[in-house]
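Student: Got a structure for you, questions after.
Bear in mind these aren't lab numbers, they're just calculated from the coordinates by the rules spelled out. These numbers come from a predicted model, not from an experiment. Every residue, glycine among them, receives a Cβ derived from its backbone with ideal geometry; neighbour counts consider all protein chains shown.
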Amino acid sequence: MNASYSRTLRLDLRADVLIIGGGLAGTWAAVAAAREGSRVILVDKGYCGTSGVTATAGPGHWWVAPEGREAAIDKRLGTAYGLADRASMARALDTTWRSLPGISDYYSFPRDEQGVVQYRGLRGPEYLRGMRRLVLDSGVTILDHCPALELLRDDQGAISGARGWRRQAGGDWQIRAGAVVIASGGCAFLSHLLGSHSNTGDGYLMAAEAGAELSGMEFSNYYGIAAAGTSMSRSMVYTFGDYFDAADRPLPISQGPGFTDDLARALLQGPVYCRLNRVPQDIRARLPSVQPNLMLPFDRHGIDPYRQRFAVTLHAEGTIRGVGGLRVMGDACQTSVPGLFAAGDAASREAIAGATSGGGAQNSAWALSSGQWAGTGAARLARQRAQSQGRLYGLSLANKPYSTNPRPRLDSAALIRQIQAEVHPLDKNLFRNGAQLERSLQALDSVWDAVRHGTFSDDNPLRARETVAMAATARWCYRAAEQRRESRGMHQRSDLPGHDPHFEAHLRVGGLDQPWSRRDPLPQPSLKPLPESVPS
Amino acid sequence: MIELIYSDLCNGCNQCVTVCPTNVLSAGTDGVPVIGEQSACQTCFMCELYCAQDALYVDPDCEQPRQLNPRLIRNSGLLGQYRRDSGWDEWANDPRHANEHWRMDGIFALARAGK
């Protein structure tokens, strides 16, 4: 339950590095910054250890032995469609390979039947519980239930901390820091994707208020299967699924690259049911110790998924399993704003995934790697920088309302439903066309106008910020999708199938009241011809 | 969504209040946590996992609250299922609940081969 937000009960702290977000990327960032000798504070809007999409899942990592890396990279370059680079992929693979064995004191890596230690896949709850302990043992201060509400900059224009709310303790907090890492996750617009309800794009909003650019936001239309009405978006078992319509007629939905599109088309026609009778008996018995949460919905609703059919759905994954996020540059995941770094799903993953979601394994490797790169970079910058002692300026848009006249009181829940009505439906976001994107952008512009002309109630300042963040994020996603007038990777437009050489480029977006976009052509033409786009 | 807190099982540690990532629960005046903003629950089951007393129950319906019979749920053996299957706390050294997450790769391969 929420405690009051008041600027009179301030917790005032100083750090070299402030990390915003305590999921996979944030915890790795904190560990890396502390390793550099920095004083580090990590704030999480929820609880570092359970917040975010890793803690509730079972992340595999992009885990490839040195001898296999060239082939692994070549394979991924094939689906990146020109927008990833070999060097970043090699660096992420190397960082992941070197990092995981180092946390053996904090995560009990199991051995397989041959006695070989299994590093690649970890259980989410135990992984993040272990990372929390590692972060604390590294000397980092963790502030749970302390959502950041705005970034602060100094007289020189560099980011110098943040301010937020102590939603359980009451009052607000301000942390003055030499550098800030945004590790607040992606945004799935409160779909029921497991663990995603803390990932509402807050970091994108805060960074954009500071002038940061985003990139790859058009690649934000990944969907994942779950039993209808549940959050259990763990997909492994569905590889054995058979699918049926309401009349129990088999549907032509099979595993492989076309799975999501086939399922989505069927769902647009009516309910789709699944049966898991092809799961072998020995695996059924083992599933609770492989994925302990997988069977909870079935067991608790009295469904035998191996015999009975059950309805399935697709949950939008937005920029979580999608690619887009804050544009990061150089070896340290620096954003386009001085003093501000980004990591994990908060950062664009184009460097290793390009135009196609890399899936969970690449995501985890990216969070682990970019987290450490950003944490190290932030620590080194903070060391060079004389910490500003002067006045700090809050950057929240809420400080700059459209008008100071009495403003209408806003209903967050209604605004969120309006945003979801544009970004969740399969026929608007997965299957894209220019006319629909224009209509959605108009609807989202209206939401934005309402947000800027109205005022939110004061009892939950976080929900107000989340609503604004989702409105802004939706507009960036669709603006980029509208501007990329071709089909590439996961961004497929029925009005513009196939690649256009003009879009051998990254699309940058940004701005809040005046959103903008820019096409940055790739530095060099690709040496190899690009593979044909996969038809949707 | 989170539906039930069994006050006679709860030891008042308030760990669930701390670990809930969406701040659904709060410390009650009698020591037993209370469900505050139920609609903010994301049905992630983390509170159950961290409750060593198995005093909480999350219904898998993530869209709307359900009317449940607390006695029936209690007798169903479902309380503590997630924590036990995860091999936490007193289940840590029980070989029946060892971490076999690494088998995922093999299971995927088997599914593909079965096509």
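Student: So if we plug the beta-carbon distance of residue A:391 and residue A:449 into 1/(1 + (r/R0)^6) with R0 = 30 Å, what FRET efficiency do we get, rounded to 0.05?
Tutor: The value I calculate is 0.40.
Student: Turning to a different aspect of this structure: Go through the stretch B:1-110 and name the GluC sites (Glu not before Pro) that are in a DSSP coil and have 13 or fewer other Cβ atoms within 10 Å of their Cβ.
Tutor: Counting only loop positions with at most 13 other Cβ atoms within 10 Å, the GluC sites (Glu not before Pro) in the stretch B:1-110 are B:63.
Student: Using only atoms on other chains, find how many Cβ atoms lie within 10 Å of each Cβ of peptide B:34-44 and report the average.
Tutor: Partner Cβ neighbours, averaged per residue: 5.
Student: Express the Stokes-Einstein translational diffusion coefficient of the stretch A:50-105 in µm² s⁻¹, to the nearest whole number, given a Kirkwood radius over alpha-carbon pairs, 37 °C and a viscosity of 0.692 mPa s.
Tutor: 255
Student: Over its Cα atoms, what ratio of radius of gyration to 2.2 N^0.38 Å does the protein assembly as shown give?
Tutor: So the Cα radius of gyration is 0.91 times the expected 2.2 N^0.38 Å.
Student: Using the Kirkwood radius built from alpha carbon pairs, what does the Stokes-Einstein equation give as D for chain B at 20 °C and 1.002 mPa s, in µm² per second?
Tutor: Reported coefficient: 137 µm²/s.
Student: Just to confirm the number: angle between the C-alpha axis of helix B:104-113 and the first principal axis of chain B, 0 to 90 degrees, nearest 10?
Tutor: Approximately 50 degrees, to the nearest ten.
Student: On to the next question. Using only atoms on other chains, find how many Cβ atoms lie within 10 Å of each Cβ of peptide B:60-66 and report the average.
Tutor: Counting Cβ atoms of other protein chains within 10 Å of each residue's Cβ and averaging gives 5.
Student: Applying 1/(1 + (r/R0)^6) with R0 = 51 Å to the Cβ-Cβ distance of residue A:9 and residue B:110, what FRET efficiency is obtained, to the nearest 0.05?
Tutor: That pair, residue A:9 with residue B:110, gives E of 0.35.
Student: Could you give the length gained on full extension between residue A:402 and residue A:108, defined as 0.36 nm per residue of separation minus the Cα-Cα distance, in nm?
Tutor: 100.5 nm
Student: For each of A:448, A:366, count neighbouring Cβ atoms within 10 Å of the residue's Cβ, then give the residues from fewest to most.
Tutor: With the fewest neighbours first, A:448, A:366 line up as A:448, A:366.
Student: Take residue A:269 and residue B:34, extend 7 Å from each Cα along the Cα→Cβ direction, and tell me the distance between the two endpoints in nm.
Tutor: A separation of 5.1 nm, rounded to one decimal place.
Student: From the phi angles alone, apply the Karplus equation (6.51, -1.76, 1.60; θ = phi - 60°) to the stretch A:456-462 and give each ³J(HN,Hα) in whole Hz, x where the residue is Gly or Pro.
Tutor: Result, ordered by residue: 8, 5, 8, 6, 9, x, 5 Hz.
Student: Now a separate question. Using a basic spin-label model with each label point 7 Å from the Cα along Cα→Cβ, how many nm lie between residue A:133 and residue B:91?
Tutor: Rounded to a tenth, the inter-label distance reads 1.8 nm.
Student: Amide H of residue A:194: which non-local residues (sequence gap of 5 or more, or other chain) have their own amide H closer than 5 Å, using H built in the peptide plane?
Tutor: A:233
Student: Give me the one-decimal Kirkwood hydrodynamic radius in Å for the stretch B:1-68, with the sum taken over alpha-carbon pairs.
Tutor: One over the average 1/r among Cα pairs gives 11.7 Å for the stretch B:1-68.
Student: Beta carbons within 10 angstrom, averaged per residue: use that to sort the peptides A:216-228, A:325-337, highest first.
Tutor: So the order, starting with the most tightly packed, is A:216-228, A:325-337.
Student: Give me the number: length gained by fully extending residue A:459 to residue A:427, i.e. 0.36 nm times residue separation minus the C-alpha to C-alpha distance, one decimal in nm.
Tutor: Extra length from residue A:459 to residue A:427 when fully extended: 7.9 nm.
Student: How much length is gained if the chain between residue A:514 and residue A:65 is pulled fully straight, taking 0.36 nm per residue apart and subtracting their Cα-Cα distance, in nm to one decimal?
Tutor: Full-extension gain reported as 157.0 nm.
Student: Treating only the Cβ of Lys, Arg, Asp and Glu as charged (+1, +1, -1, -1), what charge dipole size does the protein assembly as shown show about its Cα centre? Round to the nearest 20 debye.
Tutor: Around 640 debye, computed over the protein assembly as shown.
Student: List the residues, sorted by chain then number, that are 5 or more residues from residue A:60 or on another chain and whose placed amide H is less than 5 Å from its amide H.
Tutor: Long-range HN contacts for residue A:60: A:122.
Student: Within the P(r) computed for the stretch A:146-280, what percentage of the Cα pairs occupies the region above 23 Å?
Tutor: Tail of the P(r) past 23 Å holds 53 percent of the pairs.
Student: How many Cβ atoms of partner chains, on average, are near each residue of A:43-50 if near means within 10 Å of its Cβ?
Tutor: Across the residues of A:43-50, the mean count of other-chain Cβ atoms within 10 Å is 5.
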